[in-house]
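Since the structure comes first, as structure tokens, the remarks are kept for the end.
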Protein chains: 2
Amino acid sequence: MLGTTMDFPLTLQHVFERGTQLFPNREIVTGGLGPRHRYTYREMGQRVHRLASAFQRLGLQPGERVATFGWNHYRHLEMYFAIPMQGAVLHTLNIRLFHDQLTYIVNHAADRFIVVDRSLLPVLQKLAPTFDTVEKLIVVDDGADCEVGDALDYEELLASGAEHFDFPRLDENTAAMMCYTSGTTDNPKGVAYSHRALTLHSFGASLADSLGVSQRDTVLAVVPMFHANAWGLPYASTLVGAKQVFPGNSMAAERVLELMQDEGVTLGAGVPTIWIGALPLLQAGKYDLSTVTRIACGGSAAPRGLIDAYDKLGLNIVHAWGMTEMSPLGSVSVPLVELDAADPAVRLDFKACQGMAVPGVEARVLDGDGQQVAWDGQTMGELIVRGPWVTATYYNDDRSAASFTSDGWFRTGDIVVMHPNGFIEIADRTKDVIKSGGEWISSVALENALMAHPKVQEAAVIGVPDERWSERPMACVVPRPEFKGTVTEEELSTFLAQQFAKWWLPEHYLFLVELPKTSVGKFDKKAMRAQYAQVSI
Amino acid sequence: MLGTTMDFPLTLQHVFERGTQLFPNREIVTGGLGPRHRYTYREMGQRVHRLASAFQRLGLQPGERVATFGWNHYRHLEMYFAIPMQGAVLHTLNIRLFHDQLTYIVNHAADRFIVVDRSLLPVLQKLAPTFDTVEKLIVVDDGADCEVGDALDYEELLASGAEHFDFPRLDENTAAMMCYTSGTTDNPKGVAYSHRALTLHSFGASLADSLGVSQRDTVLAVVPMFHANAWGLPYASTLVGAKQVFPGNSMAAERVLELMQDEGVTLGAGVPTIWIGALPLLQAGKYDLSTVTRIACGGSAAPRGLIDAYDKLGLNIVHAWGMTEMSPLGSVSVPLVELDAADPAVRLDFKACQGMAVPGVEARVLDGDGQQVAWDGQTMGELIVRGPWVTATYYNDDRSAASFTSDGWFRTGDIVVMHPNGFIEIADRTKDVIKSGGEWISSVALENALMAHPKVQEAAVIGVPDERWSERPMACVVPRPEFKGTVTEEELSTFLAQQFAKWWLPEHYLFLVELPKTSVGKFDKKAMRAQYAQVSI
């Protein structure tokens, strides 16, 4: 027997309609190197209609891909709605990818148009001859003086559209957005987010037990719109009518903090690197962030010391975890009511965990034999997940099978322990965990401990080949500027020995001025292994 | 092009799994006339498995209906999961319905089993001969001494089940629950909530911009589980792992307040009648409700004066609106950020509105010609809604067509004005609005104004036939006990004249000791019209 409920498709049209109808006067602000741009949801809505119409007149068909190559700004937001709501697919290109990967992705997705920020145009112009399917570049003028050539101008295109576009009723399983993983080891793999996934994800991000995005918020997504939908925040914010602030073409800490202060941001979101960079400025008391109620931090693990340092400034870091394959939200370190009365150190321990699977996401942890491990906070295993915003496969990719269990769960590739209270703590990536003498050493645990040392700014730990133990840990350490040249291997080793068994302690230390990072700002351990693992032994 | 997202069905199985897996130690407490019962989510989960297995062994087939006839308690919660999760349909019967309506409903839904609280058994035993399809009554022993006869005992049934039940994968559009409207004018009409509707509704209720149900909450649903799923709170609470408190077989104000105080309730939910009854006790300082962060109030409009009186006690009434046909949540009066700096009286005005359509629900207001009216806070029209938890039709009922627009929106039957900020304010029911000389008079506006008078406890306004004007308003007033016999028509009329045009003022006043109410506690204006409209003219 079926229910009598309406067949109401979960599409981005609902998200768009709610935001623009109920909150027409709320602001959308874009910062960056040029003058700050501001307009209202009403204007955004009007432009989305025109843009959709313009793309249709340009010949865009349902199902075709339009790529973007740009920063976080209001025109990117317009495309977030105009393209998917007409049944086409918005494909965000990561502006930091290697060039041959960009070529691979554009051709694999068979993008028909690419909309590119003028300041980023030179990269694409150079690659244009390698693109098989791209008909036209469309340029968003961000004030840069790069030559435009025969590319279309975004504003001219938009102006060519009609005032009203009649968005078609869509099947909620229609693809809305595409994104490729950052793929450090191989060609990137793509996922296509359905309308249903992104709409449900907007609900997920707005739950009280998740990021709690609300009409009371002013949201600054420092996380890029060119990767994993800026954590879905542009959609969640529109659904609930939050004021939106975009950093434009500058993610420099000073500009980000200035925006937060000026615009009264309540919810900031970004990778740890951003907040690590901002910390000294905040400690110097240069900015008033008294409107901020929480700072969502994810993308890679936020060090415990970072969370602690922000706590001391009265700034609440909310640790979140997700993946490109998950739209991306997976878990949030919510303030569990049982921990209210706990020792502050224990509370901080759990704040530094990846937290609980948000409603909508189911999580399990498997050992090497595919059996579920105990939720004891100690036993490591691989995290697998499923849910209505998790991908079932990679887009048109015969490498998919390895990433899914036989019963359809997504293998995250994260090695975790599950605490008895359901908190997930990431110990490592499957490819980064250090296998020493048949046991596992968590590179992440060592890194976090090192980064809690007062003389250390950043640290990454990699496994290097060892004849006797198979692998042994090596620490790559960036000292804080004032301790450059004075911090010693001995003091770090003594420091670590207070927390870890002797066989966990790094065998080698390497002091560097910076750590190589991937296109999305994570430590590039593949590069480190290639560069340093052989040299130092 | 379709997305690559998993086909993950939105069913109550996800709600159940999340609550029982992540929050096994959270409590579920049941009050009432007998001793308080308490157990954990873990035990609830174990019993749900046994119960599902027991029902299968009893021969229950997917799609078949199991009715309940009971108060709010933990066994009712067990059935909320065990029946729908095995693919059968839980049909909650309103224990306050007229007997011939109960017969109609049971036969119309073709219920196979009815699970009944022992204290309510006499009613059903009397009606049993009129039921066409019921094979067996199953009795939940609540300590009453009514004769059980040949009915099955709930606990014995449950004990006959296996420890584990393998819940089948369900289509998310499968019916999970059924409920019939309270139908004062005709035979009740039924809706069948799909798993998808109830799961999405659980997300809806847990949004920061809605009721914000969270793991931090202790939730007391005074709203009945026998009607409109207790506003979906048992499901939302389970999804997020909130502690749940049920009032059992007593909704008396003293017992409700005692439960709230003892169990540290943070979110209470009930119809205005409950909170009107509780007010004098709270004003007398008899209970410590310092843990309460909000009191959700809906079912019928909460008077402005009630909200104000609770505000003065430091208790935050959150006004919500919904309907049986909407699972039931439609709108919540959220604290709009623009109102933070407004005059307290203006803030109270909006708190007393029905609020904004929650994410998931789309709302429009139509005039008599089916055109959308201006959002000016003045123009009345009928509210129509749609969304993924709104019904598309009544269950197997040829009266459905009149309740839906030709393009599939549900006609709520509520006459509202829409404020420029998107706040819905209910002016009346289509059948209660008073048509006087070609203009509309809102009976609800007059009632609310009357109930704000210090000498008035309750007031209802109905239209009575008038030769010249077609209809004129008549006020039925229950004075506060201490003003019984002393409050006059003149002083109420003078009081109303400060706020309303002269032609709105009631033509007649009737002072009563109580107002007739429907089975769900709303003013029964149909009964009032039948009883009083003729007499007084």
- prompt: Once the dipole of chain B is set up with Lys and Arg at +1 and Asp and Glu at -1 on Cβ about the Cα centre, which of B:Leu207, B:Ala445, B:Met474 lies farthest towards its positive end?
  reply: B:Leu207
query: How big is Rg to Rh over the stretch A:434-532, alpha-carbon atoms, Rh as the Kirkwood inverse-mean-distance radius?
result: 0.95
task: Find the Cα radius of gyration of the stretch B:1-152, compare it with 2.2 N^0.38 Å by division, and give the number to two decimals.
output: 1.15
- request: Provide A:Thr218, B:Thr293 ordered by accessible surface of protein heavy atoms (probe 1.4 Å), highest first.
  value: B:Thr293, A:Thr218
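Sorted by accessible area with a 1.4 angstrom probe, largest first, how do B:Met323, B:Met225 fall?
B:Met323, B:Met225
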query: Which percent of the accessible heavy-atom area of the protein assembly as shown goes to carbon and sulfur, probe 1.4 angstrom?
result: 50
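Taking DSSP loops as anything outside H, G, I, E and B, show the longest stretch in chain A free of GluC sites (Glu not before Pro) there with at most 12 other beta carbons within 10 Å. Before the final figure, lay out each step's value.
On the way: sites that count: A:Glu135, A:Glu147, A:Glu163, A:Glu467, A:Glu514.
In short, A:164-466.
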task: Label the stretch A:12-351 by shape, choosing from rounded, prolate and oblate, from the square roots a ≥ b ≥ c of the eigenvalues of the Cα gyration tensor; if a/c is under 1.5 it is rounded, and otherwise prolate applies when a/b is larger than b/c, oblate when it is not.
output: prolate
field: Under the Karplus curve 6.51 cos²θ - 1.76 cosθ + 1.60, θ = phi - 60°, whole-Hz ³J(HN,Hα) for the stretch A:467-481, x wherever Gly or Pro sits
entry: 4, 7, 9, 6, 9, 9, x, 10, 9, 9, 10, 9, x, 4, x
- request: Starting from a label point 7 Å past Cα on the Cβ side, list the distances from B:Thr430 to the same position in the other copies, nm, shortest first.
  value: 5.8
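Kirkwood Rh, Cα Rg: Rg to Rh for the stretch A:64-120? Could the numbers behind the result be given before it?
Numbers: Rg = 11.1 Å, Rh = 11.6 Å.
Ratio of gyration radius to Kirkwood radius: 0.96.
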task: Would you please give the residues with an amide H less than 5 Å from that of A:Ala176, counting only those at least 5 places away or on a separate chain, with H modeled from the backbone geometry?
output: A:Tyr193, A:Ser194, A:His195
message: So the label point sits 7 Å from Cα along the Cα-to-Cβ vector; using that for A:Asp369, what distances do you get to the other copies, in nanometres, sorted shortest first?
response: 7.6
The stretch A:343-409: trypsin sites (Lys or Arg not before Pro) in DSSP coil with no more than 12 other Cβ atoms inside 10 Å: A:Arg399
statement: Listed by chain and number, the aspartates and glutamates with an alpha carbon less than 17 angstrom from that of A:Lys484, same-chain partners under 8 positions apart left out, are A:Glu458, A:Glu514
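Nearest 500 deg cm²/dmol is fine: what mean residue ellipticity at 222 nm does chain A get from its DSSP H runs of n ≥ 4 alone, each adding -39,500 (n - 2.57), divided by its residue count?
Taking each H run of at least 4 residues, the total per residue is -8000 deg cm²/dmol.
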Interface burial for A against B (accessible surface, 1.4 Å probe, total of both chains, Å², rounded to 100): 5600
- prompt: Between copies, how far does the label point of A:Arg255 sit from its twins, in nm, shortest first, when each point is 7 Å from Cα along Cα→Cβ?
  reply: 6.4
message: Below 8 Å between Cα atoms, with a sequence gap of 6+, how large is the relative contact order for chain B in percent?
response: 11
statement: Expressed as a percent, the portion of alpha-carbon pairs in the stretch B:357-429 spaced more than 20 Å apart is 29
- line: Diffing the stretch A:223-228: the Karplus 3J(HN,Hα) column from phi (6.51, -1.76, 1.60, θ = phi - 60°), in whole Hz with x for Gly and Pro, holds 5, x, 5, 8, 8, 6
- line: Filtered pair list for the stretch B:12-351 (Lys only, Cα < 29 Å, 8 or more apart or interchain) has a length of 9
field: Area accessible to solvent at B:Lys517, 1.4 Å probe radius, in Å²
entry: 80
field: Ellipsoid equivalent to the protein assembly as shown - semi-axes via the Cα gyration tensor, in Å
entry: 53, 34, 28
- prompt: When ligands, DNA and RNA are left out and all protein chains stay put, how many square angstrom of accessible area per residue does the stretch A:46-161 have with a 1.4 Å probe?
  reply: 36
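Could you sort A:Trp375, A:Trp440 by their accessible area in this structure, using a 1.4 Å probe and putting the largest first?
Order by accessible area, largest first: A:Trp440, A:Trp375.
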Candidate aspartates and glutamates - alpha carbon under 13 Å from B:Lys526, same-chain residues fewer than 8 apart omitted: B:Asp186, B:Asp432
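The values are calculated or read from the model by the stated rules, or taken from the named source; none is laboratory data. What you see is a predicted model; the values in this text were computed from it and never measured. Quick reminder, even Gly has a Cβ in these numbers, built from the backbone with ideal geometry, and neighbours come from all protein chains shown. Each accessible area value is taken on the protein alone, full model and side chains, heavy atoms only, with ligands, DNA and RNA left out. Shrake-Rupley method; radii C 1.70, N 1.55, O 1.52, S 1.80 Å.
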